[in-house]
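For reference, the structure discussed in these notes is given below.
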Amino acid sequence: MSATKAKETLGFQTEVKQLLHLMIHSLYSNKEIFLRELISNASDAVDKLRFEALSNGALLANDSELRIRVSFDKEAKTLTIEDNGIGMSRDEVIANLGTIAKSGTADFLSKLTGDQKKDSQLIGQFGVGFYSAFIVADQVDVYTRRADLPADQAVLWSSKGEGEFDIETITKEERGSRIVLHLKETEVDFADGWRLRTIITKYSDHVGLPIELPKEQEEEGAEAAGEWEVVNRASALWTRSRSEVKEDEYKEFYKHVAHDYDDPLAWSHNRVEGKLEYTSLLYVPARAPFDLYHREAPKGLKLYVQRVFIMDQADQFLPLYLRFIKGVVDSNDLSLNVSREILQKDPVIDSMKSALTKRVLDMLEKMAKADTEDYQKFWDTFGQVLKEGPSEDFANKEKIAGLLRFASTANENDKQVVSLAQYIERMKEGQDKIYYLTGESYAQVKNSPHLEVFRKKGIEVLLLTDRIDEWLMSYLTEFDTKHFVDVARGDLDLGTLDSAEDKQAQEQEAKAKQGLIEHLKEVLNDQVEDVRVSHRLTESPAILAIGEQDLGLQMRQILAASGQAVPESKPIFEINPNHPLIEKLDVETDDERFASLAFVLFDQAALAAGNTLKDPAAYVQRLNKLLIELSA
Ligand code: ADP
Ligand code: MG
């Protein structure tokens with residue numbers, strides 16, 4: 001049994017070593033945050049004890065006043081943070097303080113550059129945590145006993161924050177953890193009551209249980225008689241009324257619940273009364289965690305029932321596409337012994353989920369309206385995730401669509417984006433559709449021949465180049481009663497945007513080029529679905545359109561990448577009757593040259609659409625042959 005094990009020395013997991021190094025060197029300018037992190041852990045430990053005590057009252061034993069104590073010894077140069085929370089067993093200590101279990105950590109750490117400024121930006125994405133103690137301490141001792149283990153199965157973990165730690169079974173009468181920091185010679189100033197009080201009120205005032213410091217002595221020289229003084233407000237922040245909570249308190253509380261290092265972008269704090277009673281405090285982070293796209297990454301809210309902590313990462317309260325939201329929900333209706341299984345089935349959860357989803361969408365809407373810079377930041381960080389919304393949340397499709405942002409032909413570059421509402425506001429007279437084009441990259445779509453006619457007529461087209469976009473658009477059919485139209489798809493009909501003369505001219509051209517079209521069909525044969533005269537082009541000789549029901553390039557790539565069968569479909573080859581090359585083709589009498597030029601034009605159109613050619617060498621040969629003939 002591990003309890004009988006004597007002292008042993010173990011190595012940190014490689015990732016921990018890297019993280020320790022990074023922590024000490026890049027967070028030095030904000031070193032006092034170590035206290036916030038240790039208090040945050042103590043507060044979590046007390047929350048967990050309270051929860052386990054619901055089913056095992058004996059855990060509270062004769063020590064039911066839950067609290068955190070911070071004390072110091074100027075002479076010994078130590079600072080101690082002590083809680084009477086859940087504590088840790090020997091195995092838990094080794095796992096929690098010797099390894100990092102988050103998936104993707106090694107990957108994340110490999111991105112570090114060694115540039116302290118850049119790396120300190122990255123560390124925020126990771127969360128700071130326990131190891132921040134080593135910013136100010138050159139040795140940390142953790143005395144801890146799990147609440148359900150006997151006194152002689154406590155543990156002492158001790159490390160200098162270099163490559164290894166010692167671990168030893170000890171006797172500890174009180175449950176919980178005592179963290180002793182041996183302050184670095186340069187950091188002994190932290191062993192000071194006034195300094196500690198300032199830091200605690202700055203960072204940890206929101207903590208919902210008392211944080212105590214030794215009571216100040218009345219007169220110089222008088223011994224402190226083991227008396228303690230509460231220095232924080234000690235009421236759960238979300239239970240207070242909105243008007244009472246200061247902005248900074250909201251921010252600090254966020255760092256505690258989200259295990260984040262940075263301020264949040266926005267939050268929404270609400271109390272709901274009536275049929276259901278609950279309080280929620282939801283935050284939009286400013287930065288994506290490094291594991292946003294890892295399937296096992298932690299997500300969900302901290303769940304409390306009547307102020308008692310129940311679980312972390314309760315992911316039943318928000319849809320997946322809002323998984324970046326952090327915060328707390330405190331319910332009066334759920335039972336204290338609610339479990340994940342029960343949450344999954346409880347109809348109460350469903351109505352809370354839809355209400356909380358609305359809250360988040362409203363908060364984002366408000367952000368978008370009030371402050372474009374913050375919203376832009378949000379969009380850059382989480383826009384891709386929000387795009388999963390329309391497929392997951394049918395009921396809020398329109399609301400989500402309103403939050404989406406797109407690059408557009410109306411803007412100079414892909415950093416500038418427009419909303420659908422803005423698009424509609426500046427639609428042309430007679431326009432009743434929202435036009436868009438999807439593709440591989442901004443450069444590709446921006447210069448796509450598909451845009452020629454739109455440019456000529458001054459009609460705005462949205463440019464969609466995220467991998468998920470084509471899939472997204474398969475769920476969005478309309479916004480504000482305006483239908484979406486993929487400009488590369490089907491037989492482009494601009495409706496009343498084309499004048500009667502335009503239409504007449506198109507018909508005449510189609511008639512005039514009938515012979516050429518037949519000839520092209522013969523030559524291109526099984527490569528194309530159809531050949532026709534284009535209404536899309538003003539400058540390019542030819543273009544490929546996608547059939548109305550066919551999958552576009554992105555969807556094909558997604559299917560192929562996931563190993564699925566990609567359904568066969570052929571493009572429609574459209575020609576620009578007024579282009580000199582097409583005119584040349586029309587009068588070409590040599591069959592071989594006709595075929596050569598036809599294939600070159602066809603391949604060029606495929607390239608412009610972002611396709612790769614099946615036989616690029618053949619294309620190059622044909623093109624070179626034509627070039628030589630031209631220069632001969
Ligand atoms: P995080 O708090 O984000 O999980 P930390 O690095 O701050 O990460 O802490 C690592 C883990 O160590 C915690 O998740 C917890 O399991 C454990 N731990 C830290 N401090 C305490 C404590 N005072 N009491 C009990 N467990 C603790
Ligand atoms: Mg922590």
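Values as computed for the structure displayed
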| quantity | calculated |
| --- | --- |
| Cα pair distances of the range 297-364 binned at 10 Å [whole percent] | 21, 59, 20, 0 |
| Rg(Cα) / (2.2 N^0.38 Å) computed for the range 81-226, rounded to two decimals | 1.22 |
| Accessible-area composition of the chain, carbon plus sulfur, in percent [1.4 Å probe] | 48 percent |
| Descending Cα extents along the principal axes, the range 426-564, whole Å | 44, 41, 26 |
| Cα extents of the range 484-561 along the three principal axes, largest first (Å) | 45, 34, 22 |
| Spin-label pair LYS625/GLN444, simplified geometry with 7 Å Cα→Cβ offset, distance in nm | 2.8 nm |
| Coordinate range along principal axes, alpha carbons of the range 133-186, Å, largest first | 38, 19, 12 |
| Solvent-accessible area per residue for the range 1-106 (1.4 angstrom probe, square angstrom) | 46 Å² |
| Inverse of mean 1/r across different Cα pairs in the range 510-632, Kirkwood, Å | 15.4 Å |
| Solvent-accessible heavy-atom area per residue, rounded to whole Å², over the range 124-165 at 1.4 Å | 29 Å² |
| 1.4 Å probe accessible area per residue over the range 291-427, in Å² | 47 Å² |
| Rounded to the nearest 20 debye, dipole of the range 355-500 from Cβ charges on Lys, Arg, Asp, Glu | 200 debye |
| Ranked packing of 151-161, 337-347, most packed first, by mean Cβ within 10 Å | 151-161, 337-347 |
| Unit charges on C-beta of K, R, D, E only; dipole of the chain, Debye | 300 debye |
| D_trans [Stokes-Einstein, Kirkwood Rh over alpha-carbon pairs] for the range 456-503, 37 °C, 0.692 mPa s, µm² s⁻¹ | 256 µm²/s |
| Average projection area in nm² (convex hull over Cα atoms of the range 1-90, one quarter of hull surface) | 9.1 nm² |
| From the C-alpha gyration tensor of the range 328-380, square roots of 5λ in Å | 32, 10, 9 |
| Point-charge dipole on Cβ atoms (K/R +1, D/E -1) for the range 260-328, about Cα centre, debye to 20 | 160 debye |
| Kirkwood hydrodynamic radius over Cα pairs of the range 87-136, then Stokes diffusion coefficient at 20 °C and 1.002 mPa s, in µm²/s | 171 µm²/s |
| Top positive-direction residue, dipole computed over the range 361-494 with Cβ charges, set THR438, VAL385, VAL461 | VAL461 |
| Positive-end residue, the chain charge dipole about Cα centroid, Cβ charges, pick of GLN376, ALA266, ALA605 | ALA266 |
| Volume in Å³ per residue [convex hull over Cα atoms, computed for the range 1-153] | 147 Å³ |
| Value of relative contact order over the range 295-343, rounded to a whole percent, pairs C-alpha under 8 Å and six or more apart | 40 percent |
| Using alpha-carbon coordinates, inclination of helix 14-26 to the longest axis of the chain, degrees | 80 degrees |
| Percent of C-alpha pairs per 10 Å bin, the chain, short to long | 3, 13, 20, 19, 14, 11, 9, 7, 4, 1, 0, 0 |
| The chain, relative contact order in percent, only Cα pairs under 8 angstrom and at least six apart counted | 9 percent |
| Set of lysines near LYS117 by C-alpha distance (under 27 Å), chain-local residues within fewer than 8 positions excluded | LYS17, LYS31, LYS102, LYS160, LYS184, LYS202, LYS251, LYS255, LYS326, LYS377, LYS415 |
| The range 577-619 - convex hull of the alpha-carbon atoms, volume per residue in Å³ | 65 Å³ |
| Length-normalised contact order for the range 233-352 - Cα pairs under 8 Å, 6+ apart - percent | 23 percent |
| Angstrom value of the Kirkwood radius, inverse mean 1/r, which spans all Cα pairs in the range 186-285 | 15.7 Å |
| Listed residues ASN30, GLY327, SER110: farthest to the positive end of the dipole of the chain (Cβ charges) | GLY327 |
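The values are calculated or read from the model by the stated rules, or taken from the named source; none is laboratory data. Model, not experiment: these values are computed from the prediction. Methodologically, a virtual Cβ is constructed for each residue, glycine included, from the backbone with ideal geometry; neighbour enumeration extends over all protein chains shown. Only protein heavy atoms, including side chains, enter the accessible area calculation; ligands, DNA and RNA are left aside. Shrake-Rupley method; radii C 1.70, N 1.55, O 1.52, S 1.80 Å.
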